[in-house]
Amino acid sequence: MEEILDMKKAHKTLTTWKYNWTPLDKGYTDKTLYINLTDLAVTEKAVPAQMKEKFIGGRGYGLRLLWDATSPDTQWNDAENEINISSGPIGGITQYSGTGKSICVSISPQTNIPVDSNVGGHFGPFLKFSGYDALEIQGKAEKDIIIFIDGVNHNVEIYEAPLEPIDSHLLAETLHEMYSDDEKDKKNVSVVSAGTAADHSLIGMLNFSFYDPKRKLVRLKQAGRGGIGTVFRDKKIKAIIAKIPGVKGNLNNVVDLSAIMERGKRFNREMRELDDSQAEMRSKGTAHLTNIMNDYDLLPVNNFKFGNHKDADKIHSEVYKERFTQGVPDGCWIGCNMSCAKGVDNYLLRTGPYAGQKVIVDGPEYETASSLGSIMGIFNPDFTIESNFYCDTYGICTITWGTIMGFVMECYENGILNEERTGGLKLNFGNADSAMEVLHQLARGEGFGKIAGLGVRKMKALFAEKGWGDPGFMQDIGMENKGLEYSQYVSKESLAQQGGYAMTNKGPQHDEAWLIFMDMVNNQIPTFEDKAEALHYFPMFRTWFGLQGLCKLPWNDVEPENNAETSEPAKVPEHVDNYVTIYTAVTGKPFDKHEMINQSERVYNFQRIFNIRRGYGLRKHDAQPYRAAGPVTIEEYESRAERYDKQMKELIGVDPEGKTVAEKLAITRKYREDRYEKLLDAVYFRRGWNKNGVPKIEHLEKLGMDLPELIEIVKPLQ
């Protein structure tokens with residue numbers, strides 16, 4: 001406690017700004033908070049009627065604010081770049097599960113286009129309850145600062161903060177203690193932070209804290225994708241804190257609370273009665289997918305070369321279930337009964353600066369079980385759990401890091417890298433000790449760790465420039481699109497999922513469309529038109545969650561008993577109706593499932609045009625690395641020779657008999673690349689875009705998004 005008092009005494013107040021708090025109305029405050037760190041200006045802005053109508057909240061608000069604040073050539077490390085955080089009108093209600101999400105938006109250090117990253121924890125709702133629908137941060141501080149949004153006394157304060165630790169697990173604990181009146185008050189504080197590795201890389205992430213009153217511990221959720229934590233640290237932000245008097249009743253001031261409560265009770269019954277026989281979210285979280293993905297040949301192994309492995313039983317979901325603390329309400333927002341935010345308590349660290357300490361590790365989720373495991377050829381849950389902890393506290397996206405390391409290890413095994421080039425590290429597949437050392441190097445800003453922290457796209461260019469390897473081969477195996485690393489599913493046998501990754505606005509992330517089972521397993525979308533329809537509906541539907549402050553998991557990770565009997569079981573229509581009902585109950589606005597898609601299309605097309613404004617967003621930018629589509633190497637082909645030979649005969653119409661593996665690789669590649677181009681044509685047509693991926697003016701008019709600033713961008717490209 002004395003040490004914390006010393007830290008607080010060392011604060012130098014730079015700005016104190018008093019604001020007038022008003023209660024929310026129908027899920028909105030209709031105000032945003034703007035902070036410029038260069039001149040230490042703090043002010044609030046009224047939300048324009050057009051912004052509220054067309055951009056809704058969450059990702060929509062973040063993108064609109066970023067567009068208005070930046071120019072087409074703003075770089076990620078310019079003072080002009082912003083970090084915008086927003087929830088949405090449904091965000092923060094406590095009567096339905098999965099309503100604690102917020103979206104972070106910035107120009108990405110990895111992609112040079114807007115990135116949106118969703119995150120749980122308490123900060124998003126606390127920001128709204130403090131009085132603001134969005135936080136907009138611009139400029140750069142000269143020294144490390146803390147921003148304190150005091151929703152109790154209605155002040156915003158900015159301090160120089162020289163003494164607090166940087167790493168997130170320590171910083172969040174420190175600030176919860178520093179800004180709470182007592183133990184009970186800790187649940188009313190939330191902290192946003194990054195970590196030391198975010199200082200030395202392009203892949204930094206943000207941690208959003210929440211206090212777990214059962215464990216009496218501070219926990220973290222991550223806005224992982226696109227390097228927003230790097231922007232955060234470049235702006236010299238050490239932390240952002242929000243504090244409120246408490247959460248109770250109807251803080252969103254919704255129109256019809258009883259309707260939300262009725263749907264919430266219905267969903268809670270499904271979780272109680274059906275979860276154990278469906279996804280087991282309450283006991284395993286998303287880690288329940290590890291063995292399922294392995295069984296279906298979808299678990300990334302050795303940089304996506306393979307989809308399963310004989311040692312995958314070592315990372316079976318039952319293994320993680322034994323590690324996770326059971327019987328505690330693991331929701332990352334109040335009132336969420338999915339309880340999927342699993343954690344490993346009292347984990348003894350073996351490496352790094354905190355070796356010998358016992359910590360709570362939040363996760364691993366499925367993505368991390370793959371990225372910090374099988375993708376590196378490592379099947380050791382202790383490596384995964386420990387590196388999960390360090391990625392979190394250092395401020396590094398686990399998905400991104402794992403895909404980076406998969407690429408690095410394949411480069412090592414192909415002679416593109418060697419011990420001389422890695423500073424003495426043997427980075428072959430399965431080498432857990434060296435993989436852990438690279439992570440610690442990055443946090444220290446040393447050695448090969450700093451090179452890995454550039455990301456796959458920049459490493460490909462660097463290695464080619466140095467003459468270390470064939471650029472074509474590295475392009476094929478480097479699992480990135482638009483500069484963002486792939487998340488953790490093997491898409492080779494699902495053309496729709498290939499599109500669901502590479503046609504995304506921000507880069508390949510599964511939160512936009514996950515169509516593998518519909519496409520590959522159940523064959524529900526066999527034609528190009530079917531796939532295009534799915535690649536229209538599901539990205540738009542999932543976009544809607546990011547506008548509202550919602551988590552996707554309650555939508556389809558537990559399903560009503562009769563869902564399979566509905567006409568469109570993949571859409572989970574009863575749950576869609578829940579969201580329609582809740583939106584109307586919060587806002588009082590007329591609404592149906594069609595307007596849900598319209599809301600999303602407006603923002604989705606806006607983001608596409610934002611990319612175009614910045615020199616991207618065209619067909620060539622939706623190209624995928626070939627490994628996402630098919631086998632790159634002879635080893636890959638031979639590992640599934642029976643499958644590929646059969647496809648060659650039955651689908652391509654070529655008899656593989658007598659052909660060399662190299663010939664069969666070339667035939668398979670031509671077929672699969674051609675199919676992907678046909679998919680692009682079909683999806684673009686369904687989305688109302690031209691063959692170059694540019695939204696058509698008549699489509700924007702139909703959506704009511706024919707804004708002059710958008711027409712100016714797309715008109716020359718029609």
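Every number here is computed from the coordinates shown, using simple stated rules; none is lab data. Keep in mind it's a predicted model, so treat the numbers as computed, not measured. Every residue, glycine as well, gets a Cβ built from its backbone with ideal geometry; the counts of neighbours run over all protein chains shown.
What is the chain's relative contact order, in percent, from Cα pairs under 8 angstrom and six or more apart in sequence?
Working: 1575 pairs, mean separation 100.9, N = 718.
Normalised by residue count, the contact order of the chain is 14 percent.
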Förster radius 51 Å - calculated FRET efficiency between Leu717 and Ala641, Cβ distance, rounded to 0.05: 0.70
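Would you mind ranking His536, His288, His594 by Cβ crowding within 10 Å, fewest neighbours first?
Numbers: His536 20, His288 24, His594 9.
If I rank by nearby Cβ atoms, fewest first, I get His594, His536, His288.
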Under the Karplus curve 6.51 cos²θ - 1.76 cosθ + 1.60, θ = phi - 60°, whole-Hz ³J(HN,Hα) for region 14-24, x wherever Gly or Pro sits: 9, 8, 10, 10, 8, 10, 9, 8, 10, x, 5
Cut-off under 5 Å, modelled amide H: who pairs with Lys696 long-range: Trp689, Asn690
Centroid-to-centroid separation of region 555-615 and region 284-358 [C-alpha atoms, Å]: 29 Å
Karplus 3J(HN,Hα) series, Hz, for region 271-287 with 6.51 cos²θ - 1.76 cosθ + 1.60 (x for Gly, Pro): 4, 5, 9, 10, 4, 5, 9, 10, 9, 6, 5, 6, 10, 10, x, 6, 5
Value of D in µm² per second that Stokes-Einstein yields for region 2-243, Kirkwood Rh from Cα pairs, at 4 °C (1.567 mPa s): 74 µm²/s
Value of relative contact order over region 507-610, rounded to a whole percent, pairs C-alpha under 8 Å and six or more apart: 25 percent
Convex hull volume per residue for region 596-718, taking Cα atoms only, in Å³: 132 Å³
For the chain, the fraction of alpha-carbon pairs in successive 10 Å shells from zero, as %: 3, 15, 27, 28, 19, 6, 1, 0
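If you take the C-alpha gyration tensor of region 261-485, multiply each eigenvalue by 5 and take the square root, what semi-axes do you get, largest first, in whole Å? Intermediate results must be reported in sequence, preceding the final value.
Numbers: eigenvalues 233, 73, 47 Å².
One finds semi-axes of 34, 19, 15 Å for region 261-485.
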Rounded Å value of the spacing that divides the Cα centres of region 1-49 and region 479-499: 39 Å
Region 508-527-region 168-205 distance, computed between alpha-carbon centres (Å): 37 Å
Estimated vicinal HN-Hα couplings, Hz - region 352-360 in sequence order (Karplus 6.51, -1.76, 1.60; Gly, Pro = x): x, x, 10, 3, x, 8, 9, 9, 8
Value of Rg to Rh for region 495-717 (Rh from inverse mean 1/r over Cα pairs, i.e. Kirkwood): 1.03
